[in-house]
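Heads up, the thing below is written out as structure tokens.
The values are calculated or read from the model by the stated rules, or taken from the named source; none is laboratory data. What you are looking at is a predicted structure, and each value in this text was computed from that prediction instead of being measured. We place every Cβ from the backbone using ideal geometry, glycine too, and count neighbours over all the protein chains shown. Side chains included, ligands, DNA and RNA excluded: accessible areas come from the protein's heavy atoms. Shrake-Rupley method; radii C 1.70, N 1.55, O 1.52, S 1.80 Å.
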Amino acid sequence: MLIRMLVNGEWREADVWPGSSLLFVLREELGLPGSKNACEQGECGSCSAWLDGELVCTCLVLAAQAHGREVRTVESLSGEDRLHPVQEAFLEAGAVQCGFCTPGLVVAVTDLLDHDPAPDELTVREALSGNLCRCTGYEKVFDAVRLAARRKQEGSW
Ligand code: FES
Ligand code: FES
């Protein structure tokens, strides 16, 4: 079946098997490998992206469900020569090791701070509870969230 979706500001088409996940189509058909494929069961958050502005696990969404809708992936966050402030905060805080979980975490943190620029600790932990990281132990990730949140409250992004 042919589907059409607005992906990172550009209308894209793909001829997909009706059972294809949105994650598969983004990665394999549309050349957007930023959303990672780890569990394919909605458990790890590495495939997180926005569908009509709502945070979703793209492994749990059929590509056909995204027909006619807006998808934003982690690739939409950085410019050609600049990182998104949340990405910068991850780098500065040392919150990236193997990096496999990082795109999903960056999307989840961006979503959190867009809705709540000054989240308390419990809110941060709750918001990121669906994102698994096997490397960092999470403390550096929380440091990155605090850094990005502070800069957002200061108005630097
Ligand atoms: S790959 Fe989608 S939640 Fe793990
Ligand atoms: S940095 Fe390796 S899984 Fe998170």
How do the pairs read when you match residues in region 90-109 that are more than 16 Å from ligand 1 (Cβ to nearest atom) and at pLDDT 95 or above with residues anywhere that are part of a helix (DSSP H, G or I) and among the hydroxyl-bearing types (Ser, Thr, Tyr), using Cβ under 9 Å and keeping only pairs 6 or more apart or on different chains?
Phe90/Thr102; Ala95/Thr102; Val96/Thr102
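Please determine, by comparing only the residues of region 43-58 that are free of Cβ contacts under 8 Å to residues at least 60 places away in the same chain and away from ligand 2 (no atom under 16 Å from the Cβ), which one is nearest to Val96 (Cα to Cα). Even if it seems obvious, please write down each step before you answer.
Going residue by residue through region 43-58, those that are free of Cβ contacts under 8 Å to residues at least 60 places away in the same chain are 47, 49, 51-56, 58.
From the residues that got through so far, the ones that are away from ligand 2 (no atom under 16 Å from the Cβ) too are 49, 51-56, 58.
Values: Ala49: 19, Leu51: 25, Asp52: 28, Gly53: 26, Glu54: 25, Leu55: 21, Val56: 22, Thr58: 22 Å.
Once the filter is applied, the top-ranked residue is Ala49.
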Tell me whether region 1-16 contains one or more residues that are within 11 Å of ligand 1 (Cβ to nearest atom) and either open to solvent by 60 Å² or more (accessible area, probe 1.4 Å) or in a strand (DSSP E or B) (or both).
no
Would you mention how many residues in region 114-150 are under 16 Å from the mean Cα position of the chain (by Cα) and more than 16 Å from Gly45 (Cβ to Cβ)?
3
Residues of region 115-139 satisfying the condition of being surrounded by fewer than 20 Cβ atoms within 10 Å (Cβ to Cβ) and under 24 Å from Pro33 (Cβ atoms):
Gly130, Leu132, Arg134, Cys135
